[in-house]
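Structure first, then comments.
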Amino acid sequence: MSTAPSRRVRRDGASAGGGSPQRNPATRDSILDVAIELFAQFGFQGTSMSAVARDAGVAQPLMHYYFSSKDELWRAAVGRAFNEMMVHEDMSKELRELDPVSGLRLLVHRHISFLARHPSVAPLIASESQFTSDRITWLTDTYIAPLEKHLRHLLELGQQQGRIRADLPIPHVVRYIVGGASALFMYAAPMKLIYDIDPADDAAVDTYARVTTELMFAGVLADGEKKVEAS
């Protein structure tokens, strides 16, 4: 009586004895880590499924067992990073317990910290944001708009309380805040080449968060609030 051969599963998820591959969460995460770096560096059009498979050490045919298309891969890679930053009810509750200026400071610091942990996110967003597409529409609706909703609310509340300058249009202030928080990671190479500052260094990120916050609030705070902050 013969016995069926055992099937060993390789690291890439394929069965060594043949048959259908098994989806491995660790393999999927590795693919997504590589994918977001390549999408950030080469853009959506310049990144191929085969290049992601090669850099992730996964057999190319197996890519389609994890992701049916490059668009699905892009959304999964972006979503994996952004899910950490997604604004949940817990953050809403936390912000409600803070005054608008303290809430804005918290959001800026958290955004810089998030970008430091996911350095490919800022250049990827910048690349996708140049033109309207289904991808940037999905990204905006799913992740960017919820975050900016909190920024807008805090700025509006701060203006109502006379703590934020009322002469500054809020959409432009939001772009200024988000752009300022992202700049260190958008220009990582020049920062390293010119100033020998590594955006991956924790001390450099902490310094950037402090400088960025001080410069931002020096511009958006009302004169009376600046005196309060200085005292």
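Within segment 165-182, can you find the residues that are small (G, A, S) and within 18 Å of L106 (Cα to Cα)?
The answer is G179, G180, A181, S182.
Here's the yes/no breakdown for (1) farther than 30 Å from Y208 by Cα; (2) crowded, with 16+ Cβ neighbours inside 10 Å; (3) not polar (S, T, N, Q):
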{"position": "Q41", "(1), (2), (3)": "no, no, no"}
{"position": "A77", "(1), (2), (3)": "no, yes, yes"}
{"position": "V101", "(1), (2), (3)": "no, yes, yes"}
{"position": "L124", "(1), (2), (3)": "no, yes, yes"}
{"position": "S127", "(1), (2), (3)": "no, yes, no"}
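Taking segment 177-225 on its own, how many of its residues are out of contact with any helix residue (DSSP H, G or I) (no Cβ under 7 Å at 6 or more places or on another chain), of a type in the set (D, E) and not in a helix (DSSP H, G or I)?
Looking only at that region, the number is 2.
When both residues are 6+ apart or on different chains and their Cβ atoms are under 7 Å apart, which pairs have a first residue that lies in segment 39-59 and is without any contact (Cβ under 8 Å) to a residue 40 or more places away in the chain, and a second that is basic (K, R) and surrounded by 14 or more Cβ atoms within 10 Å (Cβ to Cβ)?
Hits for this filter: M49/K70.
Tell me, yes or no, whether segment 155-175 has at least one residue that is in a helix (DSSP H, G or I), hydrophobic (A, V, I, L, M, F, W, C), within 18 Å of the chain's Cα centre (by Cα) and modelled with pLDDT under 95. Steps first, please.
Restricting attention to segment 155-175, the residues satisfying the condition of being in a helix (DSSP H, G or I) are 155-160, 170-175.
Next cut, hydrophobic (A, V, I, L, M, F, W, C) only: 155, 157, 170, 173-174.
If we keep only those that are within 18 Å of the chain's Cα centre (by Cα) as well, we get 174.
Filter again for modelled with pLDDT under 95, leaving none.
No, every residue in segment 155-175 fails to be in a helix (DSSP H, G or I), hydrophobic (A, V, I, L, M, F, W, C), within 18 Å of the chain's Cα centre (by Cα) and modelled with pLDDT under 95.
Condition check: assigned to a helix (DSSP H, G or I), of a type in the set (A, V, I, L, M) and under 21 Å from the mean Cα position of the chain (by Cα). Does A126 satisfy that?
Numbers: assigned to a helix (DSSP H, G or I): yes; of a type in the set (A, V, I, L, M): yes; under 21 Å from the mean Cα position of the chain (by Cα): yes.
It is true that A126 is assigned to a helix (DSSP H, G or I), of a type in the set (A, V, I, L, M) and under 21 Å from the mean Cα position of the chain (by Cα).
Output yes when any residue across segment 154-166 is under 22 Å from V121 (Cα atoms) and of a type in the set (V, I, T), and no when none is. Please lay out each step first, then the result.
Of the residues in segment 154-166, the ones under 22 Å from V121 (Cα atoms) are none.
No, the conditions are met nowhere in segment 154-166.
If I go through segment 154-167 residue by residue, how many of them are in contact (Cβ under 8 Å) with a residue 40 or more places away in the chain and either touching a Lys or Arg at 6+ places or on another chain (Cβ under 8 Å) or surrounded by 15 or more Cβ atoms within 10 Å (Cβ to Cβ) (or both)?
Step one: of segment 154-167, the residues in contact (Cβ under 8 Å) with a residue 40 or more places away in the chain are 154-155, 157-158, 161-166.
Going one step further and asking which of them are either touching a Lys or Arg at 6+ places or on another chain (Cβ under 8 Å) or surrounded by 15 or more Cβ atoms within 10 Å (Cβ to Cβ) (or both), we end up with 154-155, 157-158, 163-165.
Matching residues across segment 154-167 total 7.
Are there any pairs, at least 6 apart or on different chains, whose C-beta atoms fall under 9 Å, with the first in segment 126-147 and closer than 15 Å to F82 by Cβ and the second assigned to a loop (DSSP other than H, G, I, E, B) and of a type in the set (V, I, T), and if so, which?
That search, which allows pairs on different chains as well, returns Y143/V87; P146/V87; L147/V87.
Checking M1 against (1) among the aliphatic types (A, V, I, L, M); (2) modelled with pLDDT of 95 or more; (3) in a loop (DSSP other than H, G, I, E, B), which test does it fail?
(2)
Considering segment 175-196 alone, what residues qualify as being farther than 14 Å from L115 by Cα and either in contact (Cβ under 8 Å) with a residue 40 or more places away in the chain or surrounded by fewer than 17 Cβ atoms within 10 Å (Cβ to Cβ) (or both)? So that I can check it myself, show each step before the final result.
First, the residues of segment 175-196 that are farther than 14 Å from L115 by Cα: 175-176, 189-196.
The answer is R175, Y176, A189, P190, K192, L193, I194, Y195, D196.
The values are calculated or read from the model by the stated rules, or taken from the named source; none is laboratory data. Small disclaimer: the values here were computed from a predicted structure and weren't measured. Methodologically, a virtual Cβ is constructed for each residue, glycine included, from the backbone with ideal geometry; neighbour enumeration extends over all protein chains shown.
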